[in-house]
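For reference, the structure is listed below as structure tokens.
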Number of protein chains: 2
Amino acid sequence: MIITKQGSDVYYIAEGTVVTPKGFQAAGVHAGLRYAKKDLGVIVCEVPASCAAVYTQSHFQAAPLKVTQQSIAVEQKLQAIIVNSACANACTGERGLKDAYEMRELCAEQFGLQPHLVAVASTGVIGEFLPMEKIRAGIKKLQPSHLQEDAVAFQTAILTTDTVMKKACYQTTIDGKTVTIGGAAKGSGMIHPNMATMLAFVTTDANISSSSLQDALRSITDVSFNQITVDGETSTNDMVVVMASGLAQNNELTPNHPEWPKFYEALKQTCEDLAKQIAKDGEGATKLIEVRVNGAATDEEAKRIAKKIVGSNLVKTAVYGADANWGRIIGAIGHADATVDPDHVDISLGNIVMLKGSEPQPFSEEAATAYLQHKEVVIEVNLHLGNGTGVAWGCDLTYDYVKINASYRT
Amino acid sequence: MIITKQGSDVYYIAEGTVVTPKGFQAAGVHAGLRYAKKDLGVIVCEVPASCAAVYTQSHFQAAPLKVTQQSIAVEQKLQAIIVNSACANACTGERGLKDAYEMRELCAEQFGLQPHLVAVASTGVIGEFLPMEKIRAGIKKLQPSHLQEDAVAFQTAILTTDTVMKKACYQTTIDGKTVTIGGAAKGSGMIHPNMATMLAFVTTDANISSSSLQDALRSITDVSFNQITVDGETSTNDMVVVMASGLAQNNELTPNHPEWPKFYEALKQTCEDLAKQIAKDGEGATKLIEVRVNGAATDEEAKRIAKKIVGSNLVKTAVYGADANWGRIIGAIGHADATVDPDHVDISLGNIVMLKGSEPQPFSEEAATAYLQHKEVVIEVNLHLGNGTGVAWGCDLTYDYVKINASYRT
């Protein structure tokens, strides 16, 4: 097993998945919603797990999200998550809601669970109904295990046109016990348009209450999943769910636990890792763009500016074209809703300083172009106003983005 | 002269330009800032004109905008506007400001005016200094006249990579006098990237105070220029300037004048016409998209939702691909900062109803695709919440947008 120390006593587990934390099993099958690819997956926990979730802020929350919220509301516990790709079950009215409840029911039956311990997630085309016959038959085929290959099957089943699987696993030690966190995610790829949903599922064997887990997830989401953008769109189905089995047998984690920062850091690294994988695999993307903003009035404003830059079509096309065009970064900062002193801004691309105190600096275009041809590009901005810092991640805007999204659904 | 009645006693003048209103002359020359195209233009008024202006909300306001604000502050009058393309004179610090003042000075000298009666505008690359030798020589070559060809020379001189000139002219009658409004604008085309500036210059012979003109311009800008988007970017140099010579000799217009609504309507139509021309000629665009939102809680929210839809990369690529993908419109509405009842939304493309009361409606894909192949596409949304209405304009997102913006500056 490849283990890499990440600082703060957090270790990266290269082969880790959602079944690496104690108590979790997974499966993924081809239920026939799509031609050949696996399209239905499940994560099951041996015990009712503490849980936390965050949901899309879209006004049009899809049916499965409503059902998941209902489930969690009962006793803040989950024991399974059932996920399908190909159909989002969004904008499907009463029938959609009924279908999502049935999906929950069937999953509960299959694994002998109470229905309110099951979360439901869907990703795919908006405005179409779930093919319930296929879902019913598919759920019966799900045979979760602790095996790596079943975790991979789950990772595959949740994808749409993502070009790569997204997973992460980190470990730390709490009360002398090894605590593991594993995650799987999908990003916004599209075969049929509208499949731009971000889903992430995180498992851990930490012993932690649902309320502490929810607090941690909410604040971590703000600096990880909420700081990525592929095209500025928010899906009707975005959701992140965490389940904690408690089987690591540490003393219950709360923010007052002396080793809370280690758990928090491990969960944050898991989420940030998954978020960056989603950004990097954005539709048509060839590069990951990381924007770091320092010296802002507040962290909130730093995050907002970083996201504005990384979301700018002009910055994204410039990175695609390896054009060291800092004027576009100025353009994006210029219309961010944040305090900016226009006379004291620094901008760098990697180690190449472009602007210092808002004065253009001489730089080698050749070196800048060479830097921008890397697969990961870092833009740094210092506003010299305060101590606010923020990071955001995105990808370049390419011909393929247009190609993927201009194609007919039919 | 082709004259078309527009309702409310407002007439469209097909051949009208900025020199059609009484008292205005224009010129455009090649000063050598660009290889061959005209790049320096001026509008001059016979008399000190009442004036109004609105400026970019970017934190990084370019030097010429600062100088123009200074000019207008003195006595709320303007007698000339000098404009160059190719260099934005933005992010150029003290030297840039000095250059903009010199440009104002030289223009005043050339036409025997007081410097504070001159407005300055620039559009082009950010972070480069104005080539002042060329500007000095160019200003000496400016010989404005009332001739149509000189208005066309001005219209050309302000363009960057716009593919067409933008102009509009409307007439109405106030106190039995013909009042004419003419306008010229440039949009966001790029040869060198960063040239994404929107400039509009409007002339009128109406007799109106600067303060009434400013009130009208501000409220009209909110429903015209501020409701277009090509790529969600705001330039450092955006500016709209109106000059009113008063030579139509109507009684002074104020909001209390009985025929104020006619003037307001004519100015609104001029601005809306220019705004739509800019949207239609967005970078790489093949289609104009108009989004009309009705039934919102307020006009403000209707405008916000309309702009969100028309600014969505996913909607823009779907229109480019003639894909009747209403799920993307739902996506855009879903994350608009506005009140939405997710169960009562109607969406139409032209006359084709896609969604009614948030229920998908059967429609002919063939008819929808055919409709989306038009050069002008209308998306209508009804939220059934209140009486708020708003319209926004934009364009499709195409391979050419990426091509234009991914190309190297050098």
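The values are calculated or read from the model by the stated rules, or taken from the named source; none is laboratory data. Quick caveat: nothing in here was measured; it's all calculated off a predicted structure. A quick note on method: Cβ atoms are made from the backbone with ideal geometry, for glycine too, and the neighbour counts reach across all protein chains shown. The accessibility values were calculated without ligands, DNA or RNA, using every heavy atom of the protein model including side chains. Shrake-Rupley method; radii C 1.70, N 1.55, O 1.52, S 1.80 Å.
Counting only GluC sites (Glu not before Pro) that are in a DSSP loop and have at most 15 other C-beta atoms within 10 Å, tell me the longest site-free stretch of chain A. The segment A:16-251 is the longest one with no such site. Between this copy and the others, label points of B:Tyr35 are 4.6 nm apart in ascending order, each placed 7 angstrom from Cα in the Cβ direction.
When the dipole is taken about the Cα centre of the stretch A:272-410, and only Lys, Arg (+1) and Asp, Glu (-1) are charged at their Cβ, what size is it in debye, to the nearest 20?
The calculation lands at about 460 debye.
Calculated mean residue ellipticity, 222 nm, chain B: -10000 deg cm²/dmol, from DSSP H runs (n ≥ 4) at -39500 (n - 2.57) each, averaged per residue and rounded to 500.
Farthest toward the positive end of the dipole of the stretch A:7-76, out of A:Thr20, A:Val47, A:Leu65, is the Cα of A:Leu65, where the dipole comes from beta carbon charges about the Cα centre. Under a model in which nothing but the beta-carbon of Lys, Arg (+1) and Asp, Glu (-1) is charged, the protein assembly as shown shows a dipole of about 1000 debye around its Cα centre. Taking the C-alpha atoms only, the angle from helix A:148-157 to the longest principal axis of chain A is near 70 degrees. The long axis of helix B:260-280 is offset from the longest Cα principal axis of chain B by roughly 80 degrees. Placing dummy labels 7 Å off each Cα toward the beta-carbon, the span from B:Glu366 to A:Gln373 is 5.1 nm. Just to check, using Stokes-Einstein with a Kirkwood Rh over alpha carbon pairs, what's the diffusion coefficient of the protein assembly as shown at 25 °C and 0.890 mPa s in µm²/s? Answer from the Stokes-Einstein relation: 87 µm²/s. Evaluated with a Cβ-only charge set (Lys, Arg +1; Asp, Glu -1), chain B carries a dipole of roughly 1040 debye about its Cα centre, given to the nearest 20.
For the stretch A:308-347, the residues whose amide N sits under 20 Å from a probe point set 7 Å from the Cα of A:Thr298 along the beta carbon direction are A:308-309, A:333-342. Averaged per residue, the stretch A:313-381 has 37 square angstrom of accessible surface, using a 1.4 angstrom probe with ligands and nucleic acids left out. Counting Cβ atoms of other protein chains within 10 Å of each residue's Cβ and taking the mean over peptide A:310-323 gives 5. Calculated FRET efficiency, B:Asp175 to B:Thr339, Cβ-Cβ distance, R0 = 41 Å: about 0.40 to the nearest 0.05.
Bridges between two residues of the stretch A:174-326, per DSSP, are antiparallel at a rate of about 55%.
The DSSP beta bridges internal to the protein assembly as shown are antiparallel in roughly 70% of cases.
Once both labels are positioned 7 Å from their Cα atoms along Cα-to-Cβ, the gap between B:Ala14 and A:Asp9 label points is 8.2 nm. Listed cross-link partners A:Lys38/A:Lys308; A:Lys177/A:Lys280; A:Lys166/A:Lys268; A:Lys356/B:Lys134; A:Lys276/B:Lys287; B:Lys38/B:Lys268 are compared with a 24 Å cut-off, the Cα-Cα value being larger for A:Lys38/A:Lys308; A:Lys177/A:Lys280; A:Lys356/B:Lys134; A:Lys276/B:Lys287; B:Lys38/B:Lys268. Across peptide B:331-341, the average count of Cβ atoms from other chains found within 10 Å of a residue's Cβ is 5. Axis angle, to the nearest 10 degrees, between helix A:132-141 and the longest C-alpha principal axis of chain A: 80 degrees.
Label points for A:Asp222 are taken 7 Å from Cα along Cα→Cβ. From this copy to the others they lie 3.1 nm apart, shortest first.
Divided by 2.2 N^0.38 Å, where N counts the residues, the Cα radius of gyration of chain A comes to 1.00. Share of Cα-Cα pairs in the stretch A:316-399 beyond 17 Å, in percent? When every Cα pair of the stretch A:316-399 is considered, 47 percent fall beyond 17 Å.
Take A:Pro255, move 7 Å from Cα toward the beta carbon, and the resulting point lies 4.8 nm from the same point in each other copy, nearest first.
Roughly to the nearest percent, how much of the accessible area of the stretch B:288-406 is carbon and sulfur, given a 1.4 Å probe? Carbon with sulfur: 48 percent of the solvent-accessible area. Computed from Cα atoms alone, the Kirkwood hydrodynamic radius reported for the stretch A:350-410 is 15.0 Å. Taken across both chains, chains A and B shield about 4900 Å² of accessible surface from a 1.4 Å probe.
Taking all protein chains as shown and a probe of 1.4 angstrom, A:Tyr320 keeps an accessible surface of around 70 Å². Counting only the Cα atoms, the stretch A:209-317 fills a convex hull of 133 Å³ per residue. Size estimate for the stretch B:1-155 follows the Kirkwood approach: the inverse of mean 1/r over distinct Cα pairs works out to 16.1 Å.
Between B:Met132 and B:Arg95, full extension at 0.36 nm per residue minus the direct alpha carbon distance yields a gain of 12.2 nm. Based on Cα atoms of the stretch B:264-342, Rg over Rh with Rh as the Kirkwood radius reads 1.00.
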